[in-house]
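Following: one structure in structure tokens, then a few remarks.
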Amino acid sequence: MMKVMPYGMVSILISIVVVAVLLRKNLSCGRGIASGVCLGALIGIFSVCTFVIHNYVNLNIGLTLTLYQSVAYFIQWVIVGAAIGLIYKPS
């Protein structure tokens, strides 16, 4: 696990940059933290539907772990979106 952990960290940083770019291109939810939370919630729903449910179906990880992962992914992306919304200042 320790051998591949750096790849995971880099992929997380890349995903945060991608969300920042998406926020810059789409500010339909308003400005500031509201826009970030809105975008973070949308990305959270997307990640739950694509990754968590995919893992549940293909890896047979169990319903409890699936629910915990769903909550964690969603909250993670809402927090990331809120942070980006606070930091990003459109010109």
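Among the residues of the stretch 47-75, which ones are among the β-branched types (Val, Ile, Thr), buried (at least 17 other Cβ atoms within 10 Å of the Cβ) and touching a residue at least 24 places away in the same chain (Cβ under 8 Å)?
Val48 - this is the single residue of the stretch 47-75 that is among the β-branched types (Val, Ile, Thr), buried (at least 17 other Cβ atoms within 10 Å of the Cβ) and touching a residue at least 24 places away in the same chain (Cβ under 8 Å).
Do we have Val71 as assigned to a helix (DSSP H, G or I) and at pLDDT 85 or above here?
Details: assigned to a helix (DSSP H, G or I): yes; at pLDDT 85 or above: yes.
Considered against the rule, which asks whether it is assigned to a helix (DSSP H, G or I) and at pLDDT 85 or above, Val71 comes out as yes.
Pairs needed: first member in the stretch 18-34, at pLDDT 70 or above; second member anywhere, part of a helix (DSSP H, G or I) and open to solvent by 50 Å² or more (accessible area, probe 1.4 Å); C-beta distance under 7 Å; at least 6 residues apart or different chains.
Gly32/Leu86; Ile33/Leu86
The values are calculated or read from the model by the stated rules, or taken from the named source; none is laboratory data. Note that the structure is predicted; figures quoted are calculated from it, not measured. So basically every Cβ, Gly included, is an ideal-geometry build from the backbone, and we count neighbours across all protein chains shown. What goes into the accessible areas is simple: the full protein's heavy atoms, side chains included, and nothing from ligands, DNA or RNA. Shrake-Rupley method; radii C 1.70, N 1.55, O 1.52, S 1.80 Å.
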